[in-house]
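Asker: The structure that follows is given in the form of structure tokens.
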Protein chains: 4
Amino acid sequence: MATIDLNSDLGEGFGMWSMGDDPSMLDIVTSANVACGFHAGDSDIMLKTAKLAKDKGVSIGAHPSYRDLHGFGRRPVAGLTASEIETMVAYQIGALQALATVAGHRVTHVKAHGALSNVACADPMTARAIATAIKAVDRDLIWVVLPCSEIERAGEAANLPLAREVFADRAYEDDASLMSRSKKGSVLHDASAIAERVLRMVNDQAVVSVTSKVIKMPVDTICVHGDTPGAVAIARQVREVLEKNGHRLAPFDKSMKA
Amino acid sequence: MATIDLNSDLGEGFGMWSMGDDPSMLDIVTSANVACGFHAGDSDIMLKTAKLAKDKGVSIGAHPSYRDLHGFGRRPVAGLTASEIETMVAYQIGALQALATVAGHRVTHVKAHGALSNVACADPMTARAIATAIKAVDRDLIWVVLPCSEIERAGEAANLPLAREVFADRAYEDDASLMSRSKKGSVLHDASAIAERVLRMVNDQAVVSVTSKVIKMPVDTICVHGDTPGAVAIARQVREVLEKNGHRLAPFDKSMKA
Amino acid sequence: MATIDLNSDLGEGFGMWSMGDDPSMLDIVTSANVACGFHAGDSDIMLKTAKLAKDKGVSIGAHPSYRDLHGFGRRPVAGLTASEIETMVAYQIGALQALATVAGHRVTHVKAHGALSNVACADPMTARAIATAIKAVDRDLIWVVLPCSEIERAGEAANLPLAREVFADRAYEDDASLMSRSKKGSVLHDASAIAERVLRMVNDQAVVSVTSKVIKMPVDTICVHGDTPGAVAIARQVREVLEKNGHRLAPFDKSMKA
Amino acid sequence: MATIDLNSDLGEGFGMWSMGDDPSMLDIVTSANVACGFHAGDSDIMLKTAKLAKDKGVSIGAHPSYRDLHGFGRRPVAGLTASEIETMVAYQIGALQALATVAGHRVTHVKAHGALSNVACADPMTARAIATAIKAVDRDLIWVVLPCSEIERAGEAANLPLAREVFADRAYEDDASLMSRSKKGSVLHDASAIAERVLRMVNDQAVVSVTSKVIKMPVDTICVHGDTPGAVAIARQVREVLEKNGHRLAPFDKSMKA
């Protein structure tokens, strides 16, 4: 039987500032995307997150971003060359690899953060640059991708191991893209509704768009958020509903090799 | 016959700003200490420097610093815990390792930069924290150390491979420490005098202090500066005088394993 | 009758990160020290804080720091020249002045933050540099100073308007300096004890040291913290006890001109 | 007789890094746009530039940018709200005002830098946000604008004093916008050709586009660059040709009030 992964963006404090309840989330998820210092995170938080993830059997991945601490990596930055995007991503992966090593852990995946991800989903150059960086640093790293996006296409072209991701609490457009956060109804808030929706996604290997269109896609991992009110409760319910319905949760780095 | 290494601090631009004549220096030195983004350097410059070093057969090392872009890492920062220093150093090493991998090169050494080095030379806690970081990331990394300093002691205690370094253009106190840059006569400027001085250091395996005290020490590598006027000419003359006198120059990572 | 001021360090978030409960604190204090972007704060938070302070009749001051976002300005930075400290402080004051103007408010005081304050309390060069900066930008700015420190001496020498400050929840050494946070008992936590202690300070115009030594000093303003658990409750109790005992609270910029 | 202003972007070093030959440029231009720390510049360089400008009778203006030290403010940043742009601009103006005051000088104009300027030329929201910031900080500040752009429209709508600017060495499209730097022929390099072209611009109060279309516009100030090879020589020749042909050079803050 296939397993399913639950991932969350963690380690998103900076210096004296904290964000979210990482210890609680690390009891629920099976993979953590760790901020690498460009939109959030610093070397202390990276080590702490890697150690905690190691202790709890949670896989870790690099969560690279544009250089944008002030905007939390949510502001699209134009004008970067492909090479500049490659080095930016490689730098962040390497930094986390070193701290994972210090923690006795290992980086097994990469997931682009915020605006870098959004831009890459639609822009082949950006998507390819991220793929090139991952492949150049370590071709065994699993890239977490949005199905039907330029990121997935770039990952397939680069022949990287991919984990297809769905979002537990986000509405989808008919083209399988995420509905923009600025639109009404783009983010779901009810824990039970979210958990049932995730169960259907996993059972059907499909998402249902805002117009009720069924979009088939392989579902390797489910993203649950860690930084919103009620985040922990939602994530816990998603996990419980999946387990109650016979799904085994495990990091995708293990599941994909099964 | 033993070889001798020439090292220089390179890759010290940032974004649009450049510093020094790296391509010329990389024709002269055998090891480059590459800034990792905390006092200078960015991912683009790191990749470029790693590639150029690879092409020219020059070894590269991480040159970690305090977080101090504005002060170029020359301002001592107090109040950091040992763990904070460790993660700070590990982060920078890892970032360079990734970019070295992208360049087809490999990080073989570490040398603390500026104020971090100066503080660590006198402060055992800081020195040990750097040693701990290096060892945790990769225990085969060679640590470039100032003989007779706390850095050397911490390196020996950690059982790390060490490269003992002398400075071509800096005056020494009687305790083998570098004379402070704020004192008159602390920095030498005459290329011929510097080259002859380096030759004696290597031949005698000793430095001569300002009071003419001879301080015996193993000399594995000589630091030449790349960011001052006339830097390239001085470095070239140092190399020529050494070669003319029968010394073979080679990166210490190779020489130390011979 | 003289009035007394209550001040607190506010606006200490950055980008997506928040710290403390500023709106509640602004209902209690009469002066706010606003972070200016070097240890915390950004232009959006500065404007928001200035507007809120304006609405609530709270005076605002610049809270300049070393360049140290990662360490929240709590790490002493050495190696700065007097001129570098001056420009660093002037820059931060000016930035807040502009945002205060946008908010329809006005910067009336300056208080050095964290490590910059601690260093300046003991180092005449640093204290004089801050005084020089304040005076050069606007000689009517009131400088909040620790009595008996180098900051107070520099302020008197510069003939700047001064507000003498005591700390509600911090233990004092016999020389009127604050007991280091690293020592046991340096920070008080009981709201009632803190409030009674503040009342005595104001009534007696004196602080009592850890050895029960009474140190006479003028008390113009009382610092209450806004970033610790229970901060709001402590601040509220301090205010209530003072008012119950016949003290009128008002910003020192007004009180000092009375 | 009307005077004409020559402006240049100066103070664009950062910490240890320098850019351009500011002292030479300040002997030639009549107005300096001073970087305020977001794309370049720091408080030390700002003070130094303000002092030097004061000594040489050169007007100074704030040169605000996106937060983008790594990209030198040349990368368009999306996702900022109008309020975020306003505070970002106000912060930078205020910081320079304080340092100008320390230097005994005065900020008389504002000119948006790099990508912020390019975005604002085409995006009314961004242009209006800059106008709002300038007006809120000091409605007497002169805004340097590109004729026929959204910046000019926003300046007129806000009723701000405006200085219309032409670029000495940049090719123009038929709609009066600057030809993108990525296009061939967008930047002119021959000093004599540039100087003659500027003379015609001033005499005719018009620019000639790449298709030889004559676009009439008031010309209050001419931008000469300070950071390219030969920059000083080009700027000097522009000035000489203008003076030889009877034009008097003076800062626009004085000329506009004449």
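The values are calculated or read from the model by the stated rules, or taken from the named source; none is laboratory data. Worth saying up front: this structure is predicted, and the values here are computed from it rather than measured. A quick note on method: Cβ atoms are made from the backbone with ideal geometry, for glycine too, and the neighbour counts reach across all protein chains shown. Surface areas here come from the heavy atoms of the whole protein model, side chains and all, with no ligands, DNA or RNA. Shrake-Rupley method; radii C 1.70, N 1.55, O 1.52, S 1.80 Å.
Asker: Mind pulling the per residue volume of the convex hull built on the Cα atoms of region A:81-223? Å³ is fine. Display every interim value, and only then the final one.
Answerer: Numbers: hull volume 17.5 nm³, N = 143.
Each residue corresponds to 122 Å³ of Cα convex hull volume.
Asker: Another question about this same structure. With charges only on Cβ, +1 for K and R and -1 for D and E, what is the dipole size of region A:1-103 about its Cα centre, in debye, rounded to 20? Before the final figure, lay out each step's value.
Answerer: Values: 7 positive and 12 negative charges, 17 e Å.
Dipole magnitude for region A:1-103 comes out near 80 debye.
Asker: When the Kirkwood hydrodynamic radius is evaluated over all pairs of different C-alpha atoms of region B:52-91, what value in angstrom, to one decimal, is obtained?
Answerer: Working: mean 1/r = 0.0822 Å⁻¹.
Taking every pair of different Cα atoms in region B:52-91, averaging 1/r and inverting gives 12.2 Å.
Asker: Tell me, what is the percent relative contact order of region A:29-184, built from C-alpha pairs under 8 Å that lie six or more residues apart?
Answerer: Working: 279 pairs, mean separation 30.7, N = 156.
Rounded, it is 20 percent for region A:29-184.
Asker: Can you compute log10 of I(q)/I(0) for region C:109-179 with the Debye formula, treating each Cα as one identical point scatterer, at q = 0.13, 0.14, 0.15, 0.24 Å⁻¹?
Answerer: -0.32, -0.37, -0.42, -1.05
Asker: While we're here: Under 17 Å Cα-Cα from A:Lys244, which lysines qualify once same-chain neighbours fewer than 8 residues away are excluded?
Answerer: The qualifying lysines are none; the list is empty.
Asker: Provide a whole-number value for the mean count of partner chain Cβ atoms within 10 Å of the Cβ atoms in peptide B:3-14. Present the calculation step by step, with values, prior to reporting the outcome.
Answerer: Working: counts 0, 0, 0, 0, 0, 0, 0, 0, 0, 2, 1, 7.
Mean partner-chain Cβ count within 10 Å for B:3-14: 1.
Asker: Just want the answer: with Cβ charges of +1 for Lys and Arg and -1 for Asp and Glu, which residue in C:Ile60, C:Val207, C:Leu116 is farthest toward the dipole's positive end in chain C?
Answerer: Projecting each Cα onto the dipole axis, the largest value belongs to C:Val207.
Asker: Return the single residue from A:Arg153, A:Arg236, A:Arg200 with maximal mean-square fluctuation; model: Gaussian network over chain A, springs between Cα atoms under 10 Å.
Answerer: A:Arg200
Asker: Out of every Cα pair in region A:42-148, what percent are spaced more than 19 Å from each other? The partial results should precede the final answer.
Answerer: On the way: 2384 of 5671 pairs.
Roughly 42 percent, once rounded to a whole number.
Asker: Per-residue Cβ counts within 10 Å, from other chains only, averaged over B:80-88: what number is that? Write down the numbers at each step before the final one.
Answerer: Numbers: counts 4, 1, 0, 5, 7, 1, 5, 12, 4.
Mean partner shielding for this stretch: 4.
Asker: Quick one: 3J(HN,Hα) in Hz for region D:139-147, Karplus 6.51/-1.76/1.60 with θ = phi - 60°, rounded, Gly and Pro as x.
Answerer: Once θ is set to phi - 60°, the couplings for region D:139-147 become 6, 8, 5, 7, 9, 7, 10, 8, x Hz.
Asker: Moving on. Starting from the exponent 0.38 and prefactor 2.2 Å, build the expected Rg for region B:1-94 from its residue count and divide its actual Cα Rg by it. Spell out each step's value before the answer.
Answerer: Details: Rg = 14.1 Å, N = 94, 2.2 N^0.38 = 12.4 Å.
This ratio for region B:1-94 stands at 1.14.
Asker: Right, another one. Percent of Cα-Cα pairs per 10 Å bin, from 0 to the last occupied bin, for region C:72-134, please list those.
Answerer: 21, 51, 23, 5
Asker: When each copy gets a label point 7 Å from Cα toward the beta-carbon at A:Asp140, what are the spacings between them in nm, shortest first?
Answerer: When each copy's label point is compared with this one, the spacings are 1.6, 7.0, 7.0 nm.
Asker: Can I ask one more? What number in nm² do you get for chain B if you take the convex hull of its Cα atoms and divide its surface by four? Spell out each step's value before the answer.
Answerer: Working: hull surface 49.7 nm².
Here the figure is 12.4 nm², rounded to one decimal.
Asker: Do any of A:Lys56/B:Lys135; A:Lys56/C:Lys183; D:Lys54/D:Lys135; A:Lys56/A:Lys216 go past 27 Å between their Cα atoms, and which?
Answerer: A:Lys56/C:Lys183; A:Lys56/A:Lys216
Asker: For chain D, set up a GNM with springs between Cα atoms under 10 Å and report which of D:Ala35, D:Ala53, D:Ala78 has the largest fluctuation.
Answerer: So, out of D:Ala35, D:Ala53, D:Ala78, the one fluctuating most is D:Ala78.
Asker: Going by average Cβ density within 10 Å per residue, which order do the peptides A:37-44, D:178-185 take, highest to lowest? Before the final figure, lay out each step's value.
Answerer: Details: A:37-44: 26.4, D:178-185: 11.1.
Taking the mean over residues of other Cβ atoms within 10 Å, the ranking is A:37-44, D:178-185.
Asker: Of all the residues in chain C, which one has the C-beta that comes nearest the axis relating C to A, and what is the distance in Å?
Answerer: Minimum Cβ distance to the axis, with residue: C:Trp17, 2.
Asker: Let me ask you something else. Around C:Ile60, with a cut-off of 9 angstrom between Cβ atoms, what is the net charge of the other residues, counting Lys and Arg +1 and Asp and Glu -1?
Answerer: Working: positive: C:Lys54, C:Arg106; negative: none.
Summing Lys and Arg as +1 and Asp and Glu as -1 gives +2.
Asker: What percent of all Cα-Cα pairs in the protein assembly as shown falls into each 10 Å bin, going from 0 up to the bin containing the maximum distance?
Answerer: 2, 10, 18, 20, 21, 17, 9, 2, 0
Asker: Ok, one more. What accessible area per residue, rounded to a whole number of Å², is obtained for the protein assembly as shown using a probe radius of 1.4 Å?
Answerer: Working: 38240 Å² over 1032 residues.
Accessible surface, normalised per residue, equals 37 Å².
Asker: So the label point goes 7 Å from the Cα of C:Leu199 along Cα→C-beta, right? Which residues of region C:222-254 then have their backbone N under 16 Å from it?
Answerer: Of the residues in region C:222-254, C:234-249 have backbone N under 16 Å from the label point off C:Leu199.
Asker: List the distances, in nm to one decimal, from the label point of C:Gly230 to the label points of the same position in every other copy, shortest first, placing each label point 7 Å from Cα along the Cα-to-Cβ direction.
Answerer: Those label-point separations list as 3.2, 6.5, 7.2 nm.
Asker: Here's something else I'd like to know. Give me the orientation-averaged projected area of the Cα convex hull of region A:169-243, in nm², one decimal.
Answerer: Working: hull surface 19.6 nm².
Average of the hull's projected areas for region A:169-243 equals 4.9 nm².
Asker: Based on the Cα atoms of region D:1-50, what semi-axes does the equivalent ellipsoid have, where each is the square root of 5 times one gyration tensor eigenvalue, given in whole Å with the largest first?
Answerer: Numbers: eigenvalues 101, 22, 13 Å².
In descending order the semi-axes read 22, 11, 8 Å.
Asker: Using protein heavy atoms only (no ligands, DNA or RNA), what is the total accessible area buried between B and A, 1.4 Å probe, nearest 100 Å²?
Answerer: Numbers: alone 11370 and 11410 Å², together 21090 Å².
Its buried surface, counting both partners, is about 1700 Å².
Asker: Ignoring ligands, DNA and RNA, what percent of the 1.4 Å accessible area of chain B is carbon and sulfur?
Answerer: Numbers: 4830 of 9540 Å².
Answer for chain B is 51 percent, counting heavy atoms of protein chains only.
Asker: So what's the back-of-envelope 222 nm ellipticity for the protein assembly as shown, counting only DSSP H runs of four-plus at -39500 (n - 2.57) apiece and dividing by all residues, rounded to 500? Intermediate values should be presented prior to the final figure.
Answerer: On the way: 36 runs with 412 residues, N = 1032.
Rounded to the nearest 500, it is -12000 deg cm²/dmol.
Asker: Just counting partner chain Cβ atoms within 10 Å, what average do the residues of peptide C:36-47 show around their Cβ? Before the final figure, lay out the partial values.
Answerer: Details: counts 3, 4, 1, 2, 3, 1, 7, 15, 9, 1, 4, 7.
Mean number of neighbouring Cβ atoms from other chains: 5.
Asker: State, to one decimal in nm, how far the label point of B:Arg106 lies from the label point of B:Asp140, with both points 7 Å from Cα in the Cβ direction.
Answerer: 0.5
Asker: Can you list the distances in nanometres, one decimal and ascending, from the A:Ser182 label point to the identical position in each other copy, with the point 7 Å along Cα to Cβ?
Answerer: When each copy's label point is compared with this one, the spacings are 2.2, 5.0, 5.4 nm.
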